[in-house]
Amino acid sequence: MKIGVLMKQVPDTETKIRIKDDASGIVTDGIKWVMNPYDEYAVEEALRIKEKKAGSTVAIISMGPKRSVETIRTGLAMGADSGILIDDPAFEGADCYATAKVLAKVLEPEKFDLLLCGKQAIDDDSAQVPQTVAELLGIPQAMVIEKLIISDDGKKATCYRRVEGGAKEVLEVELPAIIAAEKGLNEPRYASLPGIMKAKSKPMKEVNLSTLGLKAEEVGAKGAKLKVKKYSLPADKAPGKIVPGEPEDAARALVKMLREEAKVV
Amino acid sequence: MANEVWIYAEHKDGKLKKSALELLSGARSLANDLGTQLVAVTLGCGLEAMVKELGAYGADKVIIAENEALKSYLAVAYAQTLAGLAKQHQPAILLGPASAQGKDLFPRVAAKLGTGMASDCIKIQLDGQKLLSPVRPMYAGKALVEANIPEARPQMATVRPNVLAVAPKQEGKQAQIEKVAVEAPKDLKTILKEIVKGAKETVDLTEATIIISGGRAMKAADNFKILWDLAEVFGSGTTVGASRAAVDSGFAPADMQVGQTGKVVNPTLYIACGISGAIQHLAGMRTSKFIVAINKDADAPIFQKADYGIVGDLFKVVPVLTEEVKKLKAQD
């Protein structure tokens, strides 16, 4: 099978977010960039499928600035075969629609049998790109998947989709499809030292606005349908109060406060 | 009539979800300010029972798109139908719930319509130009962003559950009904084989009004029982969550995780038991209306975000909370 994994480089979850003075975005100085955690599950799942199905290949596809190459290499070091970096200044400031448009343009001629990705990127938290790419490519989607079984003939996938209250929808989708990983799908491997060495010589393709034959007006901030007005930080809560006393007494006092002050019990 | 304000009314097992009422309540003022109708759209079959309730909660009109093929939710099928209706009626605004279904469906509808969408919004409002100008969290709530959709239509957004207050029911207020016989969606390439129920039939974390979460200090999976006991006395709308440390230690399954790599929750009351308050956890629960922290370590960062804190052993505190809440509930 020819498998493509859509991957995004994001700030580490421990990052303290700061906003630029003009409210146009976040301050990126000093951020530690990592593979989007949900995409790690997608890479791992792709590698597991590859190990089961002889002759399979895994490509990591990422749209982002030049530094994204390092995270693609992380995927290659885990065992993927090749990378595609989609980078052009014109792509900056894209919303989900403009991003998906570029991705679809890259993916269409590649004719992947299966596309995997994370259920959302933990930076903008939109959780829109996989479904939008699926629609633009005219293929089915299976979002928030925590168990995946590919049929022996490689034509279908059974996907366990997590919905509310611990319930799961079991979907059978025809391939090619986009399948978006939820935590719990697998336990991602670490890159081995030989893997890291090998990754350095694996093929990495770079594409941009002109190689894709796209126009600057239809991508990036210009092509975005959803336009950002301003960023802000959430209001900080006033510090609360510590309920004094021995644990048991404090617990009794707390329940009283929850009823009388907060009125939530 | 074009330029209407639409809300997508999700239902489950023949009943409207609370999100439909929240959206109607929140969108009423948008429709009033725009001088247009508020319309609830619902897809499936056997939907007429829901019309009365949608009317009583503020819908001027209810569009019912019925087809046997829409009996169970499927992204591709529902997207075709909902986008088809939107193309035909040209609403100005289309709002939906940021639920499992809404999150799955709305981006696909937006793609079909070639429009923009804001995900998981915590505020919906019009700006000076009467454009929908929703506010949504990014980085799991560490930052907020306000955005709009100046040109493409409809202006789409999903709204986080529990954010919009449900307005009082107006008995006797009736909505006009428009029943649409839609074509069976085609070329789905997807089959819903079955729905597997969860081990515990509880409200989802993202929809819960009270959440009791356990952290690393729970020490073992079995100890979560004391949290479930407390949840039970609080009653319906209450569930149990866990920190990443608790999930990674194997004390709780991944679907109970609250935080940046788990669920972002928004309950009225959040009780953090033995959770230190790592930034990635705080990001997932900071918008809770009231936060209670119980931790042995007086310096734990969770106390900075808590409305009420108890410095002490959760194993001593939680059982007393359960007893006290039980007593209160018995008096009610």
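The values are calculated or read from the model by the stated rules, or taken from the named source; none is laboratory data. What you are looking at is a predicted structure, and each value in this text was computed from that prediction instead of being measured. Positions of Cβ are backbone-derived with ideal geometry, glycine not excepted, and every protein chain shown enters the neighbour counts.
Taking the conditions (1) more than 9 Å from chain A (Cβ to nearest Cβ); (2) farther than 15 Å from B:S243 by Cα; (3) touching a residue at least 40 places away in the same chain (Cβ under 8 Å) in turn, B:S276 satisfies each one other than (2).
Screening A:G240 on (1) at pLDDT below 95; (2) in contact with a strand residue (DSSP E or B) (Cβ under 7 Å, 6 or more places away or on another chain); (3) more than 10 Å from chain B (Cβ to nearest Cβ) shows it passes everything except condition (3). Note on the range B:195-241: residues that are assigned to a strand (DSSP E or B) and not assigned by TED's automatic domain parsing to the domain that holds B:G284 total 2. For the range A:17-42, the set of residues classified as within 19 Å of B:A147 (Cβ to Cβ) and of a type in the set (G, A, S) consists of A:A23, A:S24, A:G25, listed by residue number. Taken over the range B:24-81, the criterion of being closer than 14 Å to B:H11 by Cα, touching a Ser or Thr at 6+ places or on another chain (Cβ under 7 Å) and within 14 Å of chain A (Cβ to nearest Cβ) is satisfied by B:L74 alone. For the range A:184-200, the criterion of being in contact with a strand residue (DSSP E or B) (Cβ under 9 Å, 6 or more places away or on another chain) and at the interface with chain B (Cβ under 8 Å from one of its Cβ atoms) is met by at least one residue. When residues in the range A:63-79 are screened for being closer than 14 Å to A:L103 by Cβ and buried (at least 23 other Cβ atoms within 10 Å of the Cβ), 1 of them pass.
The set of residues in the range B:126-142 that are without any contact (Cβ under 8 Å) to a residue 40 or more places away in the chain, more than 17 Å from B:A31 (Cβ to Cβ) and within 19 Å of the chain's Cα centre (by Cα) comprises B:V135, B:R136, B:M138. Looking across B:E48, B:E53, B:E10, one residue alone is surrounded by fewer than 24 Cβ atoms within 10 Å (Cβ to Cβ), under 23 Å from A:I145 (Cβ atoms), acidic (D, E) and in the same structural domain as B:P134 (by TED's automatic domain parsing). It is B:E10. The selection criterion, being within 18 Å of B:G141 (Cβ to Cβ) and facing chain A (nearest Cβ under 7 Å), does not hold for B:K316.
The residue list A:I84, A:I17, A:I61, A:I26 contains one member that is in contact (Cβ under 8 Å) with a residue 60 or more places away in the chain, more than 14 Å from chain B (Cβ to nearest Cβ) and under 19 Å from the mean Cα position of the chain (by Cα), which is A:I84.
The criterion of at least 2 residues that are closer than 21 Å to B:P185 by Cα is met, among helices (runs of 4 or more DSSP H) falling completely within the range B:1-118, by B:75-89, B:100-113.
How many residues are surrounded by 13 or more Cβ atoms within 10 Å (Cβ to Cβ) and either more than 9 Å from every other protein chain (Cβ to nearest Cβ) or at pLDDT below 95 (or both) if we restrict to the range A:209-232? So the answer is 10. Considering only residues in the range A:5-62 that are aliphatic (A, V, I, L, M) and in a loop (DSSP other than H, G, I, E, B), the one that is surrounded by the most Cβ atoms within 10 Å (Cβ to Cβ) turns out to be A:I17. Condition (residue is among the charged types (D, E, K, R) and more than 17 Å from the chain's Cα centre (by Cα)) applied to the range B:90-106: is it met by at least one residue? No: zero hits. I'd like to check something: does the range B:137-147 contain any residue that is modelled with pLDDT of 95 or more, charged (D, E, K, R) and surrounded by fewer than 17 Cβ atoms within 10 Å (Cβ to Cβ)? Looking through the range B:137-147, none of the residues is modelled with pLDDT of 95 or more, charged (D, E, K, R) and surrounded by fewer than 17 Cβ atoms within 10 Å (Cβ to Cβ).
Residue-level check: of (1) at pLDDT 95 or above; (2) surrounded by 24 or more Cβ atoms within 10 Å (Cβ to Cβ), B:G114 misses just (2). For the range B:172-197, a residue qualifies if it is under 10 Å from B:V76 (Cα atoms) and surrounded by 15 or more Cβ atoms within 10 Å (Cβ to Cβ), and the qualifying residues are B:P185, B:L188, B:K189, B:T190. So, in the range B:298-325, how many residues would count as being in contact with a helix residue (DSSP H, G or I) (Cβ under 6 Å, 6 or more places away or on another chain) and at pLDDT below 95? Residues in the range B:298-325 being in contact with a helix residue (DSSP H, G or I) (Cβ under 6 Å, 6 or more places away or on another chain) and at pLDDT below 95: 1 in total.
Counting the residues of the range B:156-194 that are part of a strand (DSSP E or B), within 20 Å of the chain's Cα centre (by Cα) and either at pLDDT below 90 or at the interface with another protein chain (Cβ under 10 Å from one of its Cβ atoms) (or both) gives 3. Take A:L171 and decide whether it is of a type outside the set (V, I, T), buried (at least 20 other Cβ atoms within 10 Å of the Cβ) and touching a Ser or Thr at 6+ places or on another chain (Cβ under 8 Å). In short, yes. Residues in the range B:293-313 that are without any contact (Cβ under 8 Å) to a residue 24 or more places away in the chain and more than 7 Å from every other protein chain (Cβ to nearest Cβ): B:A293, B:D297, B:A298, B:D299.
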